[in-house]
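The values are calculated or read from the model by the stated rules, or taken from the named source; none is laboratory data. Keep in mind that this is a model prediction, so the values were computed, not measured. Note that each Cβ is placed from the backbone with ideal geometry, even for glycine, and that neighbours are counted across all protein chains shown. Accessible surface areas use protein heavy atoms only, side chains included; no ligands, DNA or RNA. Shrake-Rupley method; radii C 1.70, N 1.55, O 1.52, S 1.80 Å.
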Amino acid sequence: MSSGADSADSPAAVRARERRSRRYRRDLRWSPYVCVAPFFLFFAAFGLFPLLYTGWAALHRVELTAPTDMEWAGLRNFTRLLGDDFFWNALGNTFVIGVISTVPQLLMALGIAHLLNYRLRGSMFFRVAVLTPYATSVAAATLVFVLLFGRDYGMVNWLLSTVGVDGVDWENGSWSAKLAVSTIVIWRWTGYNALIYLAAMQAIPHDLYESAALDGASRWQQFRYVTVPSLRPTILFTCVVSTIGATQLFGEPLLFSGSAGASGGADHQYQTLGLYLYEQGWVNLHLGRASAIAWTMFLILLVVAVVNALVARRLRASGE
C-alpha cells in the first residue's frame, strides 16, 4: 500500500498531474473561442472587409474597369447624391414601395396568425402552406407575377374587365408599377411574418384570455386588448426587419421588367435604391458612386436601428 502511495506522490506523477491540469484549464478557457472563431473569420472576410473597402472606395473617384486606380474625392460622391434627382427618386420609390408593401403585409400576417392560433382541422397543413411563398425563389415568383400583371393578356386585367374596369398598363404606370412590385413582396413575406406572430401568440399565457372571457370580452376584444399588447415587441421586430428588407429591395423590381433592367421602368418609376446602386456600379461602372450609395443605405439602416432601440426602450418602460 505504501509503495503505491509513494509512486502516486512521486515527482514524475505530480508533474504529469500538473500538465493534465494545465491542459484542462487551457481547454476550458480557450475552446469556446475556438468554436466561435470560424464565424468571426468568415464575418471578417465577407462582411467587415467589404464594408470597410466600400467605405474607402466611396471617398474616391474609381471606375469598375480599373478598381485599383483611385483618385481621392473626399465627400464628393456623397454631396453629389444630394443634387441627384435620380437618387431622390429612388429614395422616394423605396419609401413608397416599402410602406404599401409592409403595412398590408404585417396586418394580413397578424390576421392569419390569429386564425392559425385557434385549433383548426389541418392546422399543420395551413402553417406549411403560408410558408410556401417564402420558400419560392424571387425569380420564379416575379416571373409569375409579370404574367399576371401583363397589359394585354394578364389575369389581373382580365378580372378587372369582368367588372367593367379598363385594363391597366401596370409596368409603365407610376403608381401601378409600385403597386405591382409591392404585391410580389406582400405575397412572399406575409406567411413568414405570420409564423413569427403565431409563435409569439402561443407564448401568451392562456390565463389572460380566460380572465378576459370571464369579464365578458368578445373574441375581437381579446384580440385587441390581450393579443396585440402582448405582441408589441414582436410587431416592432417585424416592422424593423420589413423596413430593412424594403430598403434593400432589389430582385423584384429588377425582374419585373426585364427590358428596363436596372432603370426601374422607362421613367424610373419603380427604381429603388438597390437598383440605383446596381445601375451606377455595374451599368455605368462608377464604383465610387455606387459605394457612396451603399453607405448611404447603411446609414439609413443605422437610423432605423436607433429608432428601434428608442421605441423598444419606451415599450419596456411602459410595461414595467
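If I go through the stretch 104-146 residue by residue, how many of them are in a helix (DSSP H, G or I) and open to solvent by less than 70 Å² (accessible area, probe 1.4 Å)?
Residues flagged as in a helix (DSSP H, G or I) and open to solvent by less than 70 Å² (accessible area, probe 1.4 Å) within the stretch 104-146 amount to 23.
Among the numbered conditions (1) touching a helix residue (DSSP H, G or I) at 6+ places or on another chain (Cβ under 9 Å); (2) more than 29 Å from residue 92 (Cα to Cα), tell me where residue 273 comes up short.
For residue 273, the exception is condition (2).
Is it the case that the stretch 289-297 has a residue that's more than 21 Å from the chain's Cα centre (by Cα) and open to solvent by 30 Å² or more (accessible area, probe 1.4 Å)?
Scanning the stretch 289-297 turns up at least one residue that is more than 21 Å from the chain's Cα centre (by Cα) and open to solvent by 30 Å² or more (accessible area, probe 1.4 Å).
For the list (1) closer than 30 Å to residue 237 by Cβ; (2) exposed (fewer than 14 other Cβ atoms within 10 Å of the Cβ); (3) in contact (Cβ under 8 Å) with a residue 60 or more places away in the chain, I need the number of the one condition that residue 65 fails.
Here residue 65 meets the rest and fails (1).
Quick one: in the stretch 184-214, which of the residues that are under 15 Å from the mean Cα position of the chain (by Cα) and among the polar types (S, T, N, Q) is surrounded by the most Cβ atoms within 10 Å (Cβ to Cβ)?
Filtering the stretch 184-214 for residues that are under 15 Å from the mean Cα position of the chain (by Cα) and among the polar types (S, T, N, Q), the one surrounded by the most Cβ atoms within 10 Å (Cβ to Cβ) comes out as 193.
How many residues, within the stretch 263-287, are polar (S, T, N, Q) and farther than 24 Å from residue 96 by Cα?
Looking only at that region, the number is 1.
Can you tell me which condition residue 280 does not meet? The list is (1) in contact with a Leu (Cβ under 8 Å, 6 or more places away or on another chain); (2) crowded, with 19+ Cβ neighbours inside 10 Å, and all the others hold.
Residue 280 satisfies all of (1) in contact with a Leu (Cβ under 8 Å, 6 or more places away or on another chain); (2) crowded, with 19+ Cβ neighbours inside 10 Å except (1).
I'd like to check something: does the stretch 34-54 contain any residue that is touching a His at 6+ places or on another chain (Cβ under 9 Å) and in contact (Cβ under 8 Å) with a residue 24 or more places away in the chain?
no
Looking at the stretch 124-150, I want the residues that are without any contact (Cβ under 8 Å) to a residue 24 or more places away in the chain and have a partner that is surrounded by 13 or more Cβ atoms within 10 Å (Cβ to Cβ) and among the polar types (S, T, N, Q) with Cβ atoms under 9 Å, at least 6 apart or on another chain. Which pairs are those?
Every condition considered, the pairs that remain are 144/136; 148/183; 150/157.
Tally time: how many residues in the stretch 89-99 are surrounded by fewer than 20 Cβ atoms within 10 Å (Cβ to Cβ) and either within 18 Å of residue 288 (Cα to Cα) or under 16 Å from the mean Cα position of the chain (by Cα) (or both)?
Number satisfying all stated conditions: 2.
Considering only residues of the stretch 233-277 that are in contact (Cβ under 8 Å) with a residue 60 or more places away in the chain and among the polar types (S, T, N, Q), which is surrounded by the most Cβ atoms within 10 Å (Cβ to Cβ)?
272
How many residues are assigned to a helix (DSSP H, G or I), exposed (fewer than 10 other Cβ atoms within 10 Å of the Cβ) and among the hydrophobic types (A, V, I, L, M, F, W, C) if we restrict to the stretch 68-88?
The number of residues fulfilling the criteria is 1.
Residue check: is residue 317 more than 21 Å from the chain's Cα centre (by Cα), open to solvent by 40 Å² or more (accessible area, probe 1.4 Å) and within 24 Å of residue 178 (Cβ to Cβ)?
When the stated conditions are applied, residue 317 does not pass them.
Output the number of the condition that residue 217 fails; it satisfies all remaining conditions of (1) modelled with pLDDT of 85 or more; (2) over 30 Å from residue 266 (Cβ atoms); (3) more than 20 Å from the chain's Cα centre (by Cα); (4) of a type outside the set (Lys, Arg).
(1)
Scan the stretch 161-187 and report the pairs whose first residue is touching a residue at least 60 places away in the same chain (Cβ under 8 Å) and whose second residue is open to solvent by 60 Å² or more (accessible area, probe 1.4 Å) and part of a helix (DSSP H, G or I), with Cβ atoms within less than 8 Å and a gap of 6+ or a chain change.
These pairs meet every condition: 186/108.
One residue is enough: does the stretch 169-176 have a residue meeting the conditions closer than 30 Å to residue 306 by Cα and open to solvent by 50 Å² or more (accessible area, probe 1.4 Å)?
From the stretch 169-176, those closer than 30 Å to residue 306 by Cα are none; that's our starting set.
Scanning the stretch 169-176 turns up no residue that is closer than 30 Å to residue 306 by Cα and open to solvent by 50 Å² or more (accessible area, probe 1.4 Å).
How many residues does the stretch 39-59 contain that are open to solvent by less than 50 Å² (accessible area, probe 1.4 Å), under 17 Å from residue 290 (Cα atoms), in a helix (DSSP H, G or I) and aliphatic (A, V, I, L, M)?
Within the stretch 39-59, residues that are open to solvent by less than 50 Å² (accessible area, probe 1.4 Å), under 17 Å from residue 290 (Cα atoms), in a helix (DSSP H, G or I) and aliphatic (A, V, I, L, M) number 2.
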